[in-house]
Each structure stands twice: as structure tokens, then as C-alpha cells.
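Notes for the one structure printed next.
The values are calculated or read from the model by the stated rules, or taken from the named source; none is laboratory data. If you're wondering where the values come from, they're calculated on a predicted model, not measured in any experiment. Ideal geometry is used to build each Cβ from the backbone, glycine not excepted, and the neighbour counts take in all protein chains shown.
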Amino acid sequence: MKKKSESRAWESYALKKCFKIMKVFLFILFLSIGQLLAVDSYSQRTKLSLELNHTELLRVLDEIENQTDFYFLFNEKLIDVDRKVSISVKDQDIQAILSQLFDDSNVEYQVVDRKIVLSPKDVFEVQANKDVKGTVKNAEGDPIIGVTIAVKGTTRGTISDVDGNFSLINISPDVTLVFSYIGMEPQEVLVGSETVFDIVMKESAIGLEEVVAIGYGTVKKADLTGAVSVVKADDFKNVTALNVGDAIQGLVAGVNIRSSGGIGSEPTVEIRGLGNFTNNNPLYIIDGLPTSGNRDFNVNDIESIQVLKDASAAAIYGSRAANGVIIIETKKGSAGEMKVNYTGKVSIDNLPMMDLMSRDEWIDITTQAYETAIADGVPDVHAVPDWMDGNTDWNDAVFQTAIVQDHNLSFSGGSKDGRYLVSTNYYDNPGTVYGTSMERYSFRVNTEGKKGIFTIGENLAVSNTFVENQNSVFSKHIDVLRMLPIIPIYNENNPGGYGYGDEATARTFGSNPIATEDLMYNSDENLRLRGNLYATLDIIDGLQYKVNLGYETSQDNHKWLRKVGNFTLNQPYEPSTRYENKGKYVNKLIENTLTYKKQFGKHDINAVVGNSYQSTYYEMIAAQKKNLVQVGDYYFDVIDAGTTDPNAWGNIGESSLISYFGRLNYTFAEKYLLSATFREDGSSKFAPDNKWGFFPSVSAGWRISKENFFNVPWINDLKLRYSHGTLGNVNIGNWDYVAVLNSFPIAVFGADQHLETGMTQIKLVNSDLKWEEQTQENFGLDIAVLENKLQFSAEYFISTTKDVLTPMQILMTTGNDGGNPPVNAASLRNKGFELTGTWRDKKGDFSYSIGGTFTRLRNEVLEFGYGKVEQYTWITKTEIGQPLAMFYTIKTDGLFQSQEEVLAHTNSTGTVIQPNAKPGDIRYVDVNDDGQINNEDRTITGNPWPKFEIGLNGQVSYKNFDFSFAGFGSFGQDVFNGAASWMGGFSDNTNHLSGYKGWTAENPNTKNPRVIYADNRNARGDQDRWIEKGSYFKIRQMTLGYTFDIPKLKQVFDDLRVSVTGQNLVTFTNYSGLDPEFKSPDIWVKGQDDAAYPSPKSVVFSLSFQF
């Protein structure tokens, strides 16, 4: 295994000790639970001591709440909490204390678990007060525990017990009782002459009354006029997700997410296509702070995710919203006693691997390739080598099973005046690839307190993430297929002691993947603090002021150690090297907003105005030395241990953004909806004349189902929507409009020939840079039918980006040697169609739901600018009027089966196109009819963009069992299989897929050409032979869970659940590569798969409980 430094070895030892302590802790915990099952109720076992003289009653009640978990419910207008009382007790239970406080007063009390309800005697007696009771059940007749029953307009109330029963004393006939429960429609009942109530609660109209965060405010989903998708924590609770992108994959229409199985890797997230040529990442807002949703963020803290997809929804964020906005709200505490929640997941992960040839199979086919080359007279191939005697399964050496752990523990609670949540998380992934690992610790505190018209709160998260990276440019799958099975892992005759072949018996240019990890150490560690402090002031009824202060800082440390030794053939000597850089990032935010919410009859107004200032700062310092001090095999891995070639450098970057924004939402009679938004941004990244950009939007909605003329009983809600708006983008560096001098030139002057450092400008700049602008239109339809069981949304959108910031290529003869300066040049368009549907129903103990998404997207380049009409890579072409990155290769037309077919393959003038071909070689198409095959014959041979994408998810529960699944798919796209081009060429030595058979006279019925070594006739990389159909459907997760309902356990646990999940176990596809869902190198080769890391196949065991 890979050698670790002593510090990492100590951490491993400490971690093992930690796990032993955790085992002891869990044993004590469950032993304590067993003892708790036999104890009396909380009110009986809790003892208090009070010593208060002539003290206000309110203070006495506060002291009881501070010492215990008891919580008082009363109406301050009816209970005199200012009266003075005296009490002196020691180790007394709550009944004795309440008796002393209230027996001689007109106050009655009732203790319900940890709730104490206070009510006046005489007031209600005068009004013929009475006791009321009842039962709360659902539509199926099952009792509901935990329903809140409150006297409307007061803090007085109670909750239903395990049998759904409730009771209240001294209730006036004139009061109204309010019954509320999460997921149920609230009910209001006038007491009147009744004393017994049988309440049946109905499930709420799912989603329609849901409150959605839309940036600087919220709105009911029924009143939305923009394109917003909502993902709840329950939607991804069964998935092991390292980051936000992995959590929501396949759940949101119009959002394309490509994941990777590489350690610590982060997916690409594209909302409604590519809007520019550089950065298409969406803007992340976490609890009001613009930031990132990277691997440092603990997804277990998420309460909900809102994806803002159109200009109407996202325009409030202006210049940063062109790629969409993802708003994340983290979990908060709620009023009541403290709740302890634990979720633990243990995942068994394995990466898919290529089925490669073993030693004997490889020798057979490679010997055939050499013999063919010799027979054809290929230069410099004269004999079959005497093959090396190694026998290595490189898959087995490099890839390993990883036991991934994800433990999350939280504490939450609160009162009517405040709430809190504290959570901690530990994530550990030892890596499915040799020499890689990841470990993360995170901690979060969210609190909020309210006093009268003033509220203050904070959200604070701290994380420390360590990643040991691989030391390869490509994925280790490339290293594995490039190394030959005849090469041993170790060879003491080579520098460093590792095998990598030789020129005579095992010639390859692959790198030994074990050697690269043992001879190099590459790690990143990040300490991040991220949070915000906010305060609100209720100025008058409906008008609220809020200040939000955000702060984020990141301390990054990258280390790299190179030991002496070789890992590939013909490698020059490299001295031992120690490199390290440290970076610091600071993100500061201050926002002020005024929000006004008011209803005037049928008019509903929700308006916000505000300003925002955000600044970012980054600095980095790096150092390097070579020829480290070494004792035996141990290297002193600090920079000062280097003895030669000292070098140090660094840089800083900073930017700022100031903004003014506003939004007006107006609703009339719940059926006519209007929203208008503006934002003006000023950025330091532009010259003074172009700093400011204005980004407006407007949207409207019509709830037809609220009209008097609409009378379709089975349609519960029907709404039409339209939005139009402009967004911006600033995908450039901090100072790209400013000419920068470089201190590199050094000249010799004077008689003494002394050195003088000079300055020069090496990069041309464009001071006329301005904002990218993206104009969007969105047409939407929302419908709910059959008692809201079926809900359906449809969207059609058109998005056009102009003045796209793109690097402009300039000849180096101009003196421009510092990179291509950005210009506002290109224009792009994305248009598409999205569908989202959900069906939910319940029959007795059986409930189920199924949901789906459908996305169709068309991407088109409208303009490159400056007269440019096309752009090429070695296998793709992007041209005006077409999508980006269309495959542009040589076209093939089967194999020659005879020499006659070779001679018959001519152009229009009779010229033989491939005179050097032999039977079994590939027949190429002479597209330009010039009688030869060259780059001029490349043509469009494939499209990397899918015709459509879908997502499916479902849940089924019966009594204590639950089952869920989620999957997603992409259909109609083409993929360039880079691994196949490596393995199927035979022009140099590499490994091949097991079972590969080339054309021979005895085996002519094959699509594979004859194998021939050191010859490019059948091996050229720019042919459509490597392009495959990439359609797939992947079952992302399937989960079976069980929730315990044992009476003894229910006395301790509010919830106890176990589950097992299969993640990425099944993919339906005809693609022969590792995984049809992959991350491309960049947008210009979008469909190129260079054996990218596939998603790991996982079996996840989960335990969660709450008490």
C-alpha cells in the first residue's frame, strides 16, 4: 500500500482509537435506553429547587423553563404574570411547585407531558366555561399524534396524545380552536355548545400552499409566476451524496448533472443548457449567502433546495444568475423540547472496471499484430519480442473496495421566542482507487431569537476537508489499460524499484499507477468557515427591515512531494521535490432590505427593495525546493529539507460588487398574478464606463381555476404563466480590462555588466469589456387534478445570450504572449421544453407516489463575432447555426473483404482512394472526392447533445415498510469512446478488452479490422469508429426501509428506522464504455469520454433515530 507520512499514520491511529470510543459510547447509549424504558414519566421524575422572594410570576415561570424541559402555554392578557410571588422548595416535583403557585389563585393548570397549560378560573366561569375533549384522526380513521390544538389568538393550547386524544379545560363557547399538523390542512372549529369533538384532518393540497424561497423573500407555490423547482431533504435522504449536485441529480427537469467517481470530485451542473463558453456553474445561495455548494458543505444540513431556472425567478440576483440559481435553506430548530437526531450511513463502494485481457490472451493477439506488421513490411518491425515474464492484473492492483462512512448528529429545539439547531458530521472515504482518500469534519449552529418586534439569528458552519489526490493526468483507468499484463508491479532493477516495461520485451508508454502514487504525494486540505448574521425589525404592520451580514473564509493548503524514482519507460531523472502552496479566500457580504406584505380585501401585495455589497479577496503563496534530505527511504517532507533550487511566488486577487434591487408581487383575488423585478449591479471587473448593468424582468400568471366561469370538478388548480427578463454574467478575471506589467525581463548594463530588472506588457487587454446579457422567455402551465393527487407542470423556454465573453485568438507576432484577451463576441441560444408530474395517493395503510421529469433542449451558436464562423478540435466542430461540439471525424464504411474491393474503392475520376489497404482494413469515405483520405474528408458524424432526458422516482409504504427508487436517463446522444480508441488501435502496445478478435481470412464476419502493430491505417483517432450511441437509463437508488413501532421503543424514540440502498447498481445502455454518464474534459469536446471515472456502485446501510 501507499506509504504515508508519520503525521498521517498518527491520524490513522487516532481514528482507530476514536472508533473504539464510539463503540463504547453506543453500548452505553443503548444500555441507558434500556434502563429508560422502565422509568416513570418526566413530570414525576424531574425535581426542582427554587428560592425566590417577592418575584414576578413570569420570572418564576422562566426559571422553571430554564431548569427543565417544561414549556408554559398561556394568554398574557388573561393570566396576571406580573403579580409578585414567593416560593422556597428543594428537590420538589412540578405538581408540588404548581400547587404552591396557583392553589390560592384564580389560575388553573394542566400538565401534558412537558407542556403546562395555564388558564383563568373565574373569567371562563362567568362565560359558562366548560371542559372540551376529542380525538383527531386522518381520513382513514387512524389517530394522529402530535396535532397542535390552540385557542385562536392566544398561546394557550395542547397537543394530541398517541391515541389522538386531547382535552382542554375552562373553554369559552365563543372561542375558536385551531387544529394544525404538518402535511395536513389546518382546521378551525368554533366551540359553541359542543364538548366532544371528532376531528378528521385531510392531507393538504400537496405543494400548492407550500412556501417557496425565491430570493430575499418567499411566496406560496400557488402564486409563483416563474420557473422554480423545489427539492426537499426527504427526496434524497437515502442517497449517499457528497455535494448538492449529487443530491439533486435526476430530480429537477432542465438541470443536467454529470457526476464522477473520482475522490472528492464535484459534478458539473448545467441549468437549461450552456449559456457561455467559460463558466456555466449556477449561483449558490446558502441561507442568504452567495457561495458555492462544494464538497465542504454537509448536505445532511439541507432542509430544502429551490432551483430558479428563468429570468423572472432569478433576476433578483442579476449579474450572477445567468446560469440559474440554487437556493439552499438549512435546517432550523422548532418550538418544543430538544430533539436529538442521528443518521448514520455505511456504504460499500466499488468502481466499474474494464474487462481487460490476461497475460496469455494479450500475448496471443499482440503477437498476431506484430506478425501482420512484419508481413506488411511495416518499418522498424522485424521480429516478435521475447515477452516479459510478468503476470499482473492491474485492475486488481489499483482498484479496491471502499467502506464509506457518513455520520450526522443534530440537536434542535426552542420556545415561542427562540429556536436552535446544532449539527455535526463526519464523512470518511478511504478511496476506491489506490493512494486516494477523503475525510471531512463539519459543524453547524443555527439559532434565532425574538423579542417583541425584534428578531436576531445566525447560521454558522465550519468544515475541515482533507483529500489525498491521485497523481495522474487522466483517470487511473487509462493507466490500467496502458500498462501491459506482462509487466510486474515491482522491478528492483529500475530506478525506484517499480516495473514499467522495457524497449525489448514490453514496450509501452503507460505509467505504473502504483508507482505514481508511491513516488508522489498530492493532497489538499481546506478549513472553511461560512455563515451569516441577520436581524429584522417589524416597523409597522406588514413592513419589516432586515440586515444580513455574511462572511466566508477558506484556508487552503496544497502539498506535493516527489520522491526519486521512475514510473514510465524512457523517463529522465527527476530529483526529489517538495512543493507547497497556501491560499486564503475571504467573501464578505452586507445586505439591507425592506419588505412590505399586506392584504387589502382581494389585493395581496408583497414587495421588497434593498441593496447589497459583496467583496471577495484571494491570496496565495507558494514555495518549492529540490533534492530533499533523505535517511534511508524516508524523505524529510518539509520545504526547508530541500537543498537546491529554492523558488517562491504568490499572487492576490480581489473584486467587489454593489447592487440595488427590488421586486413587487401583486395578487388579485388569488387568480391574477403579477411580478416585476429589477437589479442594477456594479462590478469592479469592468472599466468605469461599463461597470453598471441593469437586469429587469416581468412575469404574470392567471389561475383559471379560480374564475367563476370555471366549473370542472376534477381540476383542482389550473394556472398559466409567462415571464420575460434579462440576466447578466461576468466570466472574466479580476483585472482583465487593465494592462499588467511583468517583471520577467532582465538586461545587462554598464561597464560592470550588472543586471537590471525590467518591465514589459505581455498580454493585450480590452478596456471595452462589458456584461454578458441573457434574455429569457418562459411559458408555463401548472395543473392539479383528482383532489390534487396528480400535479403537472409544463415549461417552454427560449434563452439568448449576447456579448458572450470569450478569449480572442491573437497572433503572437503582435507581441501578445500572455494569453488570449477576452472580448464580447459570441451569441448563443438555448430553447427547450420541460415536463414535471407527480401522482400521490393513499389507501388505508398503503400509500404511494410516483414522479417524473422530461427535458428536451436545443443548443445553437448564433454568432462567434469578428468574422469567425467555426471552431475546431481534433474530433469536433462548432459552427454558426449548429449546436456546440458536433463530432467532426473521418467517416468509415465497413471493412475491405478482398483486394478487389480495395481496387474498386475509387473516386469519381477512377483514382483508387486507399491503394495501400489490404483485406481486413477499414474503408474510409472520401468526402471531398479528391482520391485520398486526409483531414479534408472530416465531416459531421455525431451529435453529443441528447434528444431528451428523463427522471423517474417513486415511493411506496405499507405499515412500517417503505420502498423508494429514483432513476434518470439521457437519450439520443452520441459518445466518443476514448478508451476504445486507445485499446482498439494496435499502433502501439496497450491492453485490450478481453475477447477482442480482429479480422482474419478465417474470421471475416467481424466489425473489427485486422490487428497490425506500429501502423496507423486502422488506428487513427479521428474516425467515427469510436463514436457510439450513448443513450442510457440509470437506476440511481433503490431503498428498502423499516420503521420500528415497538411500544417500549416508542417511549424513548420518536422515530427509529433502518434501511438498505442500492446506488448506481443498474444502468441500461448499449454503450461499451465504463459509464455513459461522465464528465467531459470541456464544452468543446462535450461528448468525449476519456475513460472518465464512473459513478461507484454502492450498497448503503442506514440507521436513523430521533428522541
Expected single match for within 27 Å of Ser793 (Cβ to Cβ) and in a loop (DSSP other than H, G, I, E, B) among Phe686, Phe678, Phe710 is Phe710
For segment 879-906, enumerate the residues that are assigned to a helix (DSSP H, G or I) and under 15 Å from Arg1020 (Cα atoms).
none
Please go through segment 800-821 and give me each residue that is of a type in the set (A, V, I, L, M, F, W, C) and in a strand (DSSP E or B), ordered by number.
Val804, Leu805
Identify, by number, the condition in (1) closer than 20 Å to Ile257 by Cα; (2) outside any loop (DSSP other than H, G, I, E, B) that Pro290 doesn't meet.
(1)
Which of the residues spanning segment 948-959 are out of contact with any Leu (no Cβ under 9 Å at 6 or more places or on another chain), under 27 Å from Tyr1032 (Cβ atoms) and not β-branched (Val, Ile, Thr)?
Leu952, Gly954, Gln955
Where Asp360 falls short, out of the listed (1) farther than 30 Å from Tyr216 by Cα; (2) touching a residue at least 24 places away in the same chain (Cβ under 8 Å); (3) not in a loop (DSSP other than H, G, I, E, B)
(2)
Tally up the residues in segment 1028-1086 that are assigned to a strand (DSSP E or B), within 20 Å of the chain's Cα centre (by Cα) and among the hydroxyl-bearing types (Ser, Thr, Tyr), please.
1
Output for segment 918-972, where each listed residue is within 18 Å of Arg856 (Cα to Cα), in contact with a Lys or Arg (Cβ under 8 Å, 6 or more places away or on another chain), hydrophobic (A, V, I, L, M, F, W, C) and surrounded by 18 or more Cβ atoms within 10 Å (Cβ to Cβ)
Trp945, Phe968
Being within 14 Å of Val564 (Cβ to Cβ) and aliphatic (A, V, I, L, M) is true for just one of Ala607, Ala622, Ala641. Which residue is that?
Ala641
Answer residue from segment 581-636, given it is among the aromatic types (Phe, Trp, Tyr), part of a strand (DSSP E or B) and modelled with pLDDT under 95 and is surrounded by the most Cβ atoms within 10 Å (Cβ to Cβ) among those:
Tyr635
Would you pick out the residues in segment 752-784 that are buried (at least 16 other Cβ atoms within 10 Å of the Cβ) and over 28 Å from Gly324 (Cα atoms)?
Lys763, Leu764, Val765
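Would you mind stating whether Ala241 is assigned to a loop (DSSP other than H, G, I, E, B) and either closer than 30 Å to Thr447 by Cα or in contact with a Cys (Cβ under 8 Å, 6 or more places away or on another chain) (or both)?
Numbers: assigned to a loop (DSSP other than H, G, I, E, B): yes; either closer than 30 Å to Thr447 by Cα or in contact with a Cys (Cβ under 8 Å, 6 or more places away or on another chain) (or both): yes.
Taking the combined requirement at face value, the residue satisfies it.
Does Asn341 meet the test of being in contact with a strand residue (DSSP E or B) (Cβ under 7 Å, 6 or more places away or on another chain) and over 19 Å from Ser612 (Cα atoms)? Spell out the reasoning first.
Values: in contact with a strand residue (DSSP E or B) (Cβ under 7 Å, 6 or more places away or on another chain): yes; over 19 Å from Ser612 (Cα atoms): yes.
In short, yes.
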Counting just the residues of segment 870-892 that are under 12 Å from Pro944 (Cα atoms) and in contact with a Lys or Arg (Cβ under 6 Å, 6 or more places away or on another chain), which one comes out modelled with the lowest pLDDT?
Ala885
With the structure loaded, tell me whether Phe1068 is of a type in the set (A, V, I, L, M, F, W, C), more than 18 Å from Gly920 (Cα to Cα) and modelled with pLDDT of 95 or more or whether it fails that test.
yes
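Do you know which residues across segment 270-282 are part of a strand (DSSP E or B) and buried (at least 24 other Cβ atoms within 10 Å of the Cβ)?
Narrowing segment 270-282 to residues part of a strand (DSSP E or B): 270-271.
Passing the criteria: only Ile271.
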Which of the residues belonging to segment 904-919 are touching a helix residue (DSSP H, G or I) at 6+ places or on another chain (Cβ under 7 Å) and of a type in the set (A, V, I, L, M)?
Val912, Ala917
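Select the strands (runs of 3 or more DSSP E) contained entirely in segment 155-199, then report the ones holding at least 3 residues which are touching a residue at least 24 places away in the same chain (Cβ under 8 Å) and loosely packed, with under 13 Cβ neighbours inside 10 Å. First the steps, then the outcome.
Working: elements: 157-159, 165-171, 176-180, 187-190.
Ranges flagged: none.
One line per residue, one yes/no per condition, for (1) at pLDDT 90 or above; (2) of a type in the set (Lys, Arg); (3) over 14 Å from Thr726 (Cα atoms):
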site: Ile302; (1), (2), (3): yes, no, yes
site: Ile305; (1), (2), (3): yes, no, yes
site: Ser319; (1), (2), (3): no, no, no
site: Gly336; (1), (2), (3): no, no, yes
site: Thr343; (1), (2), (3): yes, no, yes
site: Ser347; (1), (2), (3): yes, no, yes
Anything in segment 133-152 that is under 16 Å from Glu194 (Cα atoms) and touching a residue at least 60 places away in the same chain (Cβ under 8 Å)? List them, or say none.
Lys133, Gly134, Thr135, Val136, Val151
